[in-house]
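Got a structure for you, questions after.
The values are calculated or read from the model by the stated rules, or taken from the named source; none is laboratory data. Please read these numbers as outputs of a predicted model, since none were measured by experiment. All Cβ positions, glycine included, derive from the backbone under ideal geometry; neighbour counts span all protein chains shown. Remember, those area values only see protein heavy atoms, side chains included, never the ligands or the DNA or RNA. Shrake-Rupley method; radii C 1.70, N 1.55, O 1.52, S 1.80 Å.
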Amino acid sequence: MIAVENISLCKSQAASTRRDFLRGVIGAGALVLAARYAPGDVFSASGAAGTPGGVADVGLKGPFSPSVYLAIDTDGTVYAIAHRSEMGSGSRTALPRIIADELDADWARVKIVQATGDEKFGDQDTDGSHSVRGSFDTLRETGASARLMLVRAAAQQWGVSEAECSTGLHEVLHTKSGKKTGYGELVTAAAKLPVPKKEELKLKPRSEWRYMGKGVSSYDLKDMITGKATYGIDAQMDGMLYANVAHPPVYGAAVKSLDDKAALAVPGVKQTATIDPFKPPILFQAHGGVGVLADSSWAALQGRKKLKIEWTSSEHSSYSSDAYKAELQATSRKPGKVVRELGNVDQAFAKGGKIIEAEYYAPMLAHASMEPPAALAHYQDGKVEVWAATQNPQGARDAVAAAVGAKKEDVTVNVTLLGGGFGRKSFPDYAVEAAVLSKKSGKPVKVVWSREDDIQFDTYHSVAAMYLKAALGADGKPTAWLQRSTFPPIASTFDASALTADAGEIGLGWSDLPYAIPNHRAENGEAKTHVRIGWLRSVCNVFHAYAEHAFADELAQAAGKDPRDYVLALLGPDRIIPRTELPKDYTNYDGDYQQYPIDTARFRRVLEIATEKAGWGKKKNGNGFGMGLAIHRSFLTYVATVVQVEMDKGGKVKIARVDSAVDAGTIVNPEMARQQFEGAATFSASLACYGEITAKNGVIQQSNFDSYPMARMNTAPRETFVHLVDSDRPPAGIGEPGVPPFAPALCNAVFAATGKRVRDLPLSKLGLA
């Protein structure tokens with residue numbers, strides 16, 4: 001439980017602000033190193049690391065010069081600020097270990113301090129699988145700079161050349177004289193030295209890495225398993241009220257009339273308060289509704305049930321999933337916006353060949369993370385302090401400020417641990433609700449969503465309809481490949497008029513097909529949005545990978561080829577796909593294409609590893625047993641997944657084994673990387689087997705796990721094996737890339753076992769799960 005005193009976390013639990021960090025955690029004379037968070041200009045060319053009070057403002061030139069901080073106290077304790085959120089992906093452990101490795105710090109003497117939402121900490125969005133990738137070089141240079149400063153301080157004290165000095169574990173050594181001094185004894189002197197220039201730094205070679213590339217459990221694991229870890233739902237403050245919010249049942253509706261007499265009669269209920277409806281575009285705003293504030297969460301929930309609310313109508317009141325599905329499918333059958341084109345597909349189709357067509361449908365999905373949305377806020381004298389399980393603390397700060405009419409610098413967002421996120425907690429609407437209700441009540445307010453709230457008012461993953469068509473030549477390979485995808489875009493959350501995806505969204509597995517096809521066209525159809533669409537683990541890659549790689553399996557069958565051999569043939573000779581073959585606006589997950597090109601050799605390697613480890617071809621498919629495969633590149637990581645299924649006597653799918661081969665470049669923490677891919681298999685099994693959110697007359701029909709089930713022990717993959725490729729390539733994503741290839745591999749395995757194609761998810765609709 002978080003104990004909050006005087007509207008701030010106890011310093012023993014967290015020093016969240018820069019002032020607390022510098023004044024409350026470390027002592028005078030400590031070494032504080034600030035690294036400018038900008039590639040190519042990480043460190044200031046001049047200036048001292050130590051300023052009055054031990055503050056180092058190296059390279060900080062204004063409010064838009066964000067930074068990461070490293071401090072070493074005089075007792076040798078190393079403090080590292082974790083600027084990303086921890087929701088099970090391991091970033092809170094991995095990022096400080098990068099610093100600690102280059103610093104040659106003793107991991108047992110490293111303490112992690114969670115950052116609040118502020119630009120000075122750089123990009124804090126814990127999504128897009130880019131925490132390590134986006135911070136790797138900067139954090140290495142931060143650690144190396146501090147190490148060099150400590151070496152120089154020791155060399156000056158000993159009167160020797162710094163070239164004769166080296167570092168051991170948490171100490172500087174002079175081998176010739178046998179002298180050694182701990183870091184804590186050197187920090188006061190080191191703090192007075194100039195920060196080294198970037199060109200002076202000597203990063204450790206891989207052979208000397210102490211922590212990177214070696215597995216370790218989470219920094220917070222002990223607290224997690226002993227119940228001491230603090231999540232958003234644990235936050236408490238003296239005098240606070242609990243709140244539960246009745247949201248408009250239809251997107252865009254608002255309160256027309258309210259009768260709260262029965263609610264106020266519930267023991268423990270203190271008051272009700274309305275929350276204004278959002279103004280389009282919805283962005284990170286709250287939906288609006290009526291909050292019931294009480295002295296317990298139970299009383300708030302019971303009071304909410306007693307509310308009598310009449311809601312206004314909404315333009316989305318006619319939204320029903322069956323009719324909407326038909327609209328999407330009809331759109332995908334017609335030409336759409338061309339997002340990639342190679343050769344001339346129309347001419348190639350006109351020449352004939354064996355024509356294969358298929359349509360795929362992936363339903364809308366909810367996140368349903370273990371911890372539902374929760375936040376505690378206190379509004380006082382125009383300032384707000386928030387404690388929230390958020391992936392996006394800067395976005396939460398800005399949204400709260402806008403909602404209560406405060407300056408963003410007067411809003412502090414403290415980041416707790418997250419009991420799952422999957423992209424949902426990048427949207428801070430629940431923190432906005434807590435802040436608004438705190439302002440209206442004059443009390444600290446803790447908002448906790450019920451599971452029903454969580455599922456019925458989620459930021460949903462898009463539904464999608466896809467149409468694919470190919471012409472096969474005499475060798476069975478495609479001479480032409482056309483693909484169309486139609487889905488309500490995430491862009492509509494930020495621009496209410498958006499009907500098609502932007503380049504970033506369409507680049508999530510649709511405009512970057514890696515196959516060597518001479519004539520290829522990808523298109524995107526228009527779709528109107530009727531709910532708030534957001535990010536879910538691997539985003540559009542979920543449905544794009546499903547369609548593309550299920551279709552590849554269909555082509556293999558039509559060509560009479562083994563699926564493994566066929567996919568290898570589709571890849572063609574090993575090559576780097578030229579940037580000119582991709583759309584001009586292709587975003588490449590914000591990675592430099594020179595550094596992160598699409599390399600078909602890496603596809604080939606993971607496919608060969610996954611199929612070899614899975615025993616591909618050693619057991620004949622059919623009679624209730626099947627193996628399926630899929631490859632996919634997302635977030636700059638290459639993954640091949642093989643799924644083995646067995647059909648039970650009732651015709652239900654049992655997932656016997658999953659093998660995933662992963663090339664994510666340099667992996668900082670292999671232990672947590674394996675955990676992410678093991679978790680992705682279970683997560684994906686839930687989505688593929690059961691995941692479906694539907695609406696009728698604008699109202700979401702699912703409400704809890706009885707109507708939106710998860711994979712359980714008897715339906716989750718029985719065995720999951722993760723095979724990490726040893727690589728010295730730059731680091732890529734870990735948290736999301738395990739999801740996209742799973743559904744197509746599973747569906748291809750079902751076909752291999754039963755002869756039934758799965759073109760409409762989830763499997764439960766077909767009686768297969």
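Please specify each residue of region 430-481 satisfying the condition of being aromatic (Phe, Trp, Tyr) and either over 23 Å from Thr529 (Cα atoms) or outside any loop (DSSP other than H, G, I, E, B) (or both).
Tyr430, Trp449, Tyr460, Tyr467, Trp481, listed by residue number.
Here's a follow-up. Identify all residues within region 538-577 that are basic (Lys, Arg) and either more than 33 Å from the chain's Cα centre (by Cα) or at positive phi (or both); write none if there are none.
Listed by number, the list holds a single entry, Lys561.
Of the numbered conditions (1) of a type outside the set (A, V, I, L, M, F, W, C); (2) assigned to a helix (DSSP H, G or I); (3) open to solvent by 10 Å² or more (accessible area, probe 1.4 Å); (4) touching a strand residue (DSSP E or B) at 6+ places or on another chain (Cβ under 8 Å), Glu671 fails exactly one; give the number of that condition.
Tallying (1) of a type outside the set (A, V, I, L, M, F, W, C); (2) assigned to a helix (DSSP H, G or I); (3) open to solvent by 10 Å² or more (accessible area, probe 1.4 Å); (4) touching a strand residue (DSSP E or B) at 6+ places or on another chain (Cβ under 8 Å), Glu671 fails exactly one: (4).
Within region 518-535, can you find the residues that are open to solvent by less than 10 Å² (accessible area, probe 1.4 Å) and in a loop (DSSP other than H, G, I, E, B)?
Ala527, Arg532, Gly534
Related question: What residue, of Ser497, Ser538, is open to solvent by 10 Å² or more (accessible area, probe 1.4 Å) and of a type in the set (Gly, Ala, Ser)?
Numbers: Ser538 fails: open to solvent by 10 Å² or more (accessible area, probe 1.4 Å).
Being open to solvent by 10 Å² or more (accessible area, probe 1.4 Å) and of a type in the set (Gly, Ala, Ser) holds for just one of Ser497, Ser538, which is Ser497.
Which numbered condition in (1) open to solvent by 10 Å² or more (accessible area, probe 1.4 Å); (2) assigned to a loop (DSSP other than H, G, I, E, B) is the only one that Tyr708 fails?
(1)
Could you tell me whether region 145-168 includes any residue that is within 15 Å of Lys204 (Cβ to Cβ), among the small types (Gly, Ala, Ser), part of a helix (DSSP H, G or I) and touching a residue at least 60 places away in the same chain (Cβ under 8 Å)?
Yes, there is a match, as at least one residue in region 145-168 is within 15 Å of Lys204 (Cβ to Cβ), among the small types (Gly, Ala, Ser), part of a helix (DSSP H, G or I) and touching a residue at least 60 places away in the same chain (Cβ under 8 Å).
Moving to a separate point now. Considering (1) under 30 Å from Trp449 (Cα atoms); (2) open to solvent by less than 30 Å² (accessible area, probe 1.4 Å); (3) among the β-branched types (Val, Ile, Thr), say which one Thr611 fails and leave the rest.
That leaves (1) as the condition not met.
Filter region 330-350 down to residues that are aliphatic (A, V, I, L, M) and in a helix (DSSP H, G or I) and give me whichever is surrounded by the most Cβ atoms within 10 Å (Cβ to Cβ).
Just the residues of region 330-350 that are aliphatic (A, V, I, L, M), to begin with: 330, 338-339, 342, 345, 348, 350.
Now restrict to residues that are in a helix (DSSP H, G or I): 330, 345, 348, 350.
Numbers: Ala330: 12, Val345: 25, Ala348: 23, Ala350: 10.
Only one residue fits best here, namely Val345.
Another one. Check off (1) in contact with a Pro (Cβ under 7 Å, 6 or more places away or on another chain); (2) over 21 Å from Ser369 (Cα atoms) for Ala262 and give me the number that stays unchecked.
Every listed condition holds for Ala262 apart from (1).
How many residues are in a strand (DSSP E or B) and open to solvent by less than 60 Å² (accessible area, probe 1.4 Å) when one looks only at region 171-192?
Result for region 171-192: 6.
Within region 268-325, can you find the residues that are open to solvent by less than 20 Å² (accessible area, probe 1.4 Å), touching a Pro at 6+ places or on another chain (Cβ under 7 Å) and part of a strand (DSSP E or B)?
Gly289
Scan region 577-608 for residues that are open to solvent by 40 Å² or more (accessible area, probe 1.4 Å), of a type in the set (Val, Ile, Thr) and not in a helix (DSSP H, G or I) and jot them down.
Once the filter is applied, which keeps residues that are open to solvent by 40 Å² or more (accessible area, probe 1.4 Å), of a type in the set (Val, Ile, Thr) and not in a helix (DSSP H, G or I), region 577-608 yields only Thr587.
Given the options Gly239, Gly215, Gly232, name the one that is farther than 21 Å from Val78 by Cα, at pLDDT 95 or above, open to solvent by 20 Å² or more (accessible area, probe 1.4 Å) and of a type in the set (Gly, Ala, Ser).
Step by step, each of Gly239, Gly215, Gly232 is checked, and only Gly239 is farther than 21 Å from Val78 by Cα, at pLDDT 95 or above, open to solvent by 20 Å² or more (accessible area, probe 1.4 Å) and of a type in the set (Gly, Ala, Ser).
May I ask you to list the residues in region 550-595 that are among the hydroxyl-bearing types (Ser, Thr, Tyr), touching a residue at least 24 places away in the same chain (Cβ under 8 Å) and under 30 Å from Asp728 (Cβ atoms)?
Tyr586, Thr587, Tyr589
How many residues, within region 372-411, are assigned to a loop (DSSP other than H, G, I, E, B) and either out of contact with any Gly (no Cβ under 6 Å at 6 or more places or on another chain) or open to solvent by 10 Å² or more (accessible area, probe 1.4 Å) (or both)?
9
Okay, next question. If Thr479 satisfies all but one of (1) surrounded by fewer than 24 Cβ atoms within 10 Å (Cβ to Cβ); (2) of a type in the set (Val, Ile, Thr); (3) over 15 Å from Gly572 (Cβ atoms), what's the number of the condition it fails?
The single condition Thr479 does not satisfy is (3).
Given the conditions (1) of a type in the set (Gly, Ala, Ser); (2) surrounded by fewer than 17 Cβ atoms within 10 Å (Cβ to Cβ); (3) in contact with a helix residue (DSSP H, G or I) (Cβ under 8 Å, 6 or more places away or on another chain); (4) assigned to a helix (DSSP H, G or I), which single one is not true for Ala680?
That leaves (2) as the condition not met.
Moving to a separate point now. Here are the criteria: (1) open to solvent by less than 50 Å² (accessible area, probe 1.4 Å); (2) closer than 27 Å to Val668 by Cα; (3) at pLDDT 95 or above; (4) touching a helix residue (DSSP H, G or I) at 6+ places or on another chain (Cβ under 8 Å). Tell me which single one Val195 does not satisfy.
(3)
Kindly establish whether Gly168 is closer than 18 Å to Thr77 by Cβ and open to solvent by less than 40 Å² (accessible area, probe 1.4 Å).
When the stated conditions are applied, Gly168 passes them.
Say whether the condition of being in a strand (DSSP E or B), modelled with pLDDT of 95 or more, out of contact with any Asp or Glu (no Cβ under 8 Å at 6 or more places or on another chain) and crowded, with 20+ Cβ neighbours inside 10 Å is met by at least one residue in region 716-725.
So far as region 716-725 goes, no, none of its residues is in a strand (DSSP E or B), modelled with pLDDT of 95 or more, out of contact with any Asp or Glu (no Cβ under 8 Å at 6 or more places or on another chain) and crowded, with 20+ Cβ neighbours inside 10 Å.
Can you find a residue that is more than 21 Å from Pro563 (Cα to Cα), buried (at least 23 other Cβ atoms within 10 Å of the Cβ) and of a type outside the set (A, V, I, L, M) anywhere in region 636-657?
Yes, there is a match, as at least one residue in region 636-657 is more than 21 Å from Pro563 (Cα to Cα), buried (at least 23 other Cβ atoms within 10 Å of the Cβ) and of a type outside the set (A, V, I, L, M).
Is it true that Asn623 is of a type in the set (S, T, N, Q), open to solvent by less than 10 Å² (accessible area, probe 1.4 Å) and modelled with pLDDT of 95 or more? Write out each step before concluding.
Values: of a type in the set (S, T, N, Q): yes; open to solvent by less than 10 Å² (accessible area, probe 1.4 Å): no; modelled with pLDDT of 95 or more: yes.
No, not satisfied.
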